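First up is the structure itself, then whatever we jot down about it.
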Amino acid sequence: MTIKKIHYISGLTITLFVGLHLFNHSLSVWGAEKHIEMMNTLRLFYRNLLVETILLLAVFAQIVSGLKLFKTNRKTAVSYFEKLQIWTGLYLAFFFIIHLSAVLGGRHVLQLDTNFYFGVAGLNAFPFNLFFVPYYGLAILSFFGHVAAIHNKKMKKSVLGLTPNQQSALILALGFIVTMFIFYGLTNHFNGVTIPKEYEVLIGKSL
């Protein structure tokens, strides 16, 4: 199996999970309780040894194959969407490494439930939000950017009068809208979220 094939298959696996994950985050607009309720439901599907192992292997394969493809394609990328694909892929590799390390550390070292409050503690506390706002924002935008670039490469014809470039531009626009919508919820409509005491260790208050 070629590196490209491994990258593609692992990418499809991750995309399914990321889609569910972003849907879960979007429910935060209706409050932390709704977010946690949906997360607990989704965990029945993905929080088990088999599925978690598949996801971790997929992420590992995606990072390794993606870095190799980045090294190969970086100098040959010419078009806007070719460049978008390799640079968003590089950022996603960076994000996956940090995010998975943080989640696994939170679960197994800090013994925290890595739920809504684990994810938003840094988003709602200064100066941590100076890192976490662009960190999370670029992750969502990079996901949609990567999908848009791949769509542009695979799509060869117009749909509903839209060229492949226009279709990919719409995917990018959707990514921007989704990012703003999710941030609206994760910051409790920009007014801030009250972090439970057990999660204050994440922002240096209980060290």
remark   = All-but-one check, N188 against (1) part of a helix (DSSP H, G or I); (2) under 18 Å from A121 (Cβ atoms); (3) under 21 Å from the mean Cα position of the chain (by Cα); (4) not basic (K, R), failing number (1)
key: Qualifying positions in segment 35-49 - assigned to a helix (DSSP H, G or I) and either of a type in the set (D, E, K, R) or at pLDDT below 95 (or both)   = E37, R43, L44, F45, Y46, L49
Breaking point among (1) more than 30 Å from M155 (Cα to Cα); (2) assigned to a helix (DSSP H, G or I), for Q85 = (1)
Within segment 99-117, tally of residues that are without any contact (Cβ under 8 Å) to a residue 24 or more places away in the chain and among the aliphatic types (A, V, I, L, M) = 4
task = For F23, work out the one condition from (1) under 29 Å from G204 (Cβ atoms); (2) without any contact (Cβ under 8 Å) to a residue 40 or more places away in the chain; (3) assigned to a helix (DSSP H, G or I); (4) within 16 Å of the chain's Cα centre (by Cα) it doesn't fulfil.
result = (1)
inquiry  = Please count how many residues of segment 1-20 are in a helix (DSSP H, G or I), closer than 27 Å to T72 by Cα and either among the aliphatic types (A, V, I, L, M) or touching a residue at least 24 places away in the same chain (Cβ under 8 Å) (or both).
reply    = 13
request  = With the condition kept exactly as written, say whether any residue in segment 191-202 is at pLDDT below 95, surrounded by fewer than 17 Cβ atoms within 10 Å (Cβ to Cβ) and β-branched (V, I, T).
outcome  = yes
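What is the residue count in segment 127-171 for residues that are part of a helix (DSSP H, G or I) and charged (D, E, K, R)? Full working, then the answer.
Narrowing segment 127-171 to residues part of a helix (DSSP H, G or I): 129-154, 164-171.
Subsequent filtering for residues that are charged (D, E, K, R) retains 153-154.
Of the residues in that region, 2 qualify.
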message = Please go through (1) on the phi < 0 side of the Ramachandran plot; (2) more than 19 Å from the chain's Cα centre (by Cα) for I97 and return the number of the only condition it doesn't satisfy.
response = (2)
query = Has segment 118-132 got at least one residue that is without any contact (Cβ under 8 Å) to a residue 24 or more places away in the chain, of a type in the set (F, W, Y) and surrounded by 14 or more Cβ atoms within 10 Å (Cβ to Cβ)?
reply = yes
query = Only one of (1) exposed (fewer than 14 other Cβ atoms within 10 Å of the Cβ); (2) in a helix (DSSP H, G or I); (3) among the charged types (D, E, K, R) fails for K205. Which number is that?
reply = (2)
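Please go through segment 168-185 and pick out each residue that is among the small types (G, A, S), over 19 Å from A125 (Cα atoms) and surrounded by 13 or more Cβ atoms within 10 Å (Cβ to Cβ). Before the answer, list the steps.
Of the residues in segment 168-185, the ones among the small types (G, A, S) are 168-169, 173, 175, 185.
Those left that are additionally over 19 Å from A125 (Cα atoms): 168-169, 173, 175.
Matches in segment 168-185: S168, A169, G175.
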query = Are there any pairs, at least 6 apart or on different chains, whose C-beta atoms fall under 7 Å, with the first in segment 186-207 and more than 14 Å from S28 (Cβ to Cβ) and the second surrounded by fewer than 17 Cβ atoms within 10 Å (Cβ to Cβ) and among the β-branched types (V, I, T), and if so, which?
reply = L207/V201
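The values are calculated or read from the model by the stated rules, or taken from the named source; none is laboratory data. All figures in this text were calculated on a predicted structure; none of them were measured in a lab. Here Cβ is always computed from backbone atoms with ideal geometry, including for glycine, and neighbour counts include all displayed protein chains.
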